[in-house]
Amino acid sequence: AGRPMVTVNCAPLPENLIESELFGHEKGSFTGATAMKPGLFEVADQSTLFIDEIGELPLPLQPKLLRVLEDGSLRRIGSAKERRVNVRIVAATNRDVQQEVADGNFREDLYYRINVMSLDLPPLRDRGSDIELLIRHFLGSDHEIDDVAMQALAGNHWPGNIRQLIN
């Protein structure tokens, strides 16, 4: 609890970069690997790793993630040395992972490993009473919020959810 949460977003990263980000690499293990780099699992050891858009994780990397979750072991790219970590995982996705499993795009065993507790968060447009709370949170308590502006914001459809509200 006293350690920072480490985050990674799988959506914008190409497959080879996701692997390096999560598991790390050794110097010289591939072109451009000019120094050893620990992966985010190592950085988050004894803490929490938030994997945003886990539904975007390429199928070939899923067994490696499953292995870390099952026994806490991993290898950096280009290393023969086994490393051990103790990491709590929190994952999020906008995909229907059960459908991804059915379509063969997401491993069923990984799905059941990460789906210990599931939270289904409705879109912002279905949570109108949260809008004022979120605005106050993002602006800070020292900002005055005009009632007319608040009503206009509360009436928005918010197709971009909270990211749109923040912007």
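The values are calculated or read from the model by the stated rules, or taken from the named source; none is laboratory data. As the structure is a computational prediction, the values presented were derived from the model and not from experiment. For neighbour counting, all protein chains shown are included, and Cβ atoms are generated from backbone atoms with ideal geometry for every residue, glycine included.
Under 7 Å by Cβ, and 6 or more places apart or on different chains, what pairs join a residue from segment 1-23 that is without any contact (Cβ under 8 Å) to a residue 40 or more places away in the chain with one that is surrounded by 13 or more Cβ atoms within 10 Å (Cβ to Cβ) and assigned to a loop (DSSP other than H, G, I, E, B)?
Note: pairs meeting the criteria are Glu21/Leu13; Glu21/Gly39.
The rows are residues; the columns are (1) of a type outside the set (S, T, N, Q); (2) exposed (fewer than 14 other Cβ atoms within 10 Å of the Cβ); (3) over 15 Å from Glu53 (Cα atoms).
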position: Val90; (1), (2), (3): yes, no, no
position: Thr93; (1), (2), (3): no, no, no
position: Asn105; (1), (2), (3): no, no, no
position: Ile114; (1), (2), (3): yes, no, no
position: Asp120; (1), (2), (3): yes, yes, no
position: Arg125; (1), (2), (3): yes, yes, yes
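Out of (1) under 30 Å from Leu57 (Cα atoms); (2) without any contact (Cβ under 8 Å) to a residue 12 or more places away in the chain; (3) hydroxyl-bearing (Ser, Thr, Tyr), the odd one out for Tyr111 is which?
Among (1) under 30 Å from Leu57 (Cα atoms); (2) without any contact (Cβ under 8 Å) to a residue 12 or more places away in the chain; (3) hydroxyl-bearing (Ser, Thr, Tyr), Tyr111 violates only (2).
Output the qualifying pairs, or none if there are none: Cβ atoms under 9 angstrom, residues six or more apart or on different chains, first residue in segment 55-81 and farther than 16 Å from Leu17 by Cβ, second residue of a type in the set (Ser, Thr, Tyr) and surrounded by fewer than 15 Cβ atoms within 10 Å (Cβ to Cβ).
Listed by first residue and then by second, the contacts come to Arg67/Ser73.
Could you check how many residues of segment 72-99 are assigned to a strand (DSSP E or B) and either touching a Phe, Trp or Tyr at 6+ places or on another chain (Cβ under 7 Å) or not small (Gly, Ala, Ser) (or both)?
Qualifying residue count for the region: 8.
Go through segment 100-150 and give me each residue that's of a type in the set (A, V, I, L, M, F, W, C) and outside any helix (DSSP H, G or I).
Result: Phe106, Val116, Met117, Leu119, Leu121, Ile145.
Name the single residue that is surrounded by the fewest Cβ atoms within 10 Å (Cβ to Cβ) among those in segment 144-161 being modelled with pLDDT under 85 and touching a helix residue (DSSP H, G or I) at 6+ places or on another chain (Cβ under 8 Å).
This residue is Ile145.
So Thr48 ticks every box in (1) closer than 21 Å to Phe106 by Cα; (2) part of a strand (DSSP E or B) but one. Which box is left unticked?
Evaluating Thr48 over (1) closer than 21 Å to Phe106 by Cα; (2) part of a strand (DSSP E or B) leaves (1) as the failure.
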